[in-house]
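Values in this text are rule-based calculations from the coordinates and carry no lab data. None of the values given here were measured: they were computed from a predicted structure. No Cβ is skipped: glycine too gets one built from the backbone with ideal geometry, and neighbour counts run over all protein chains shown.
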Amino acid sequence: MRRIWEHKNKLCKGFTARYNLNKLVYYEIYDDEITAIAREKTLKHYKREEKAALINGMNKSWNDLYGVLCK
């Protein structure tokens with residue numbers, strides 16, 4: 001939750017801040033940080049089409065899911 005909030009408020013320098021991205025359209029939940037980071041690094045190497053397929057499988061209309069997670 002903290003990390004998502006940081007990205008939405010542009011507190012993290014990098015891709016999301018550089019390209020003004022602030023919409024959460026896909027997420028995965030892990031019990032430990034090491035596994036989550038490993039998965040994030042794997043996803044970084046996916047092609048755009050593969051990433052879009054993951055998003056479409058969870059969130060076909062690409063709605064912002066931030067409010068869903070923060071309830």
Query raised in the report: Considering amide H positions built from the backbone, and no H for Pro or chain starts, which residues 5 or more places from Leu65, or on another chain, come under 5 Å of its amide H?
Result: Leu24, Val25
Requested in this report: Please report Lys60, Lys51 as a ranked list, fewest other C-beta atoms within 10 angstrom at the top and most at the bottom.
Outcome: Lys60, Lys51
Report summary line: Computed about the Cα centre, the charge dipole of the chain from +1 Lys/Arg and -1 Asp/Glu charges at the Cβ has a magnitude in debye, to the nearest 20, of 380 debye
**Report entry** Identified option (computed Rg and Dmax of the Cα atoms in Å; candidates [x] 11.1, 35; [y] 18.3, 50; [z] 12.4, 32)
**Finding:** [z]
Requested in this report: Could you count how many Lys pairs in the chain have their Cα atoms under 15 Å apart, skipping same-chain pairs fewer than 8 positions apart?
Outcome: 6
**Report entry** Over the chain: helical MRE at 222 nm, DSSP H runs n ≥ 4 each giving -39500 (n - 2.57), nearest 500
**Finding:** -14000 deg cm²/dmol
Requested in this report: Compare the Cα positions of Leu11, Tyr66, Ile29 along the charge dipole of the chain (+1 at Cβ of Lys, Arg; -1 at Cβ of Asp, Glu; about the Cα centre) and return the one farthest towards the positive end.
Outcome: Leu11
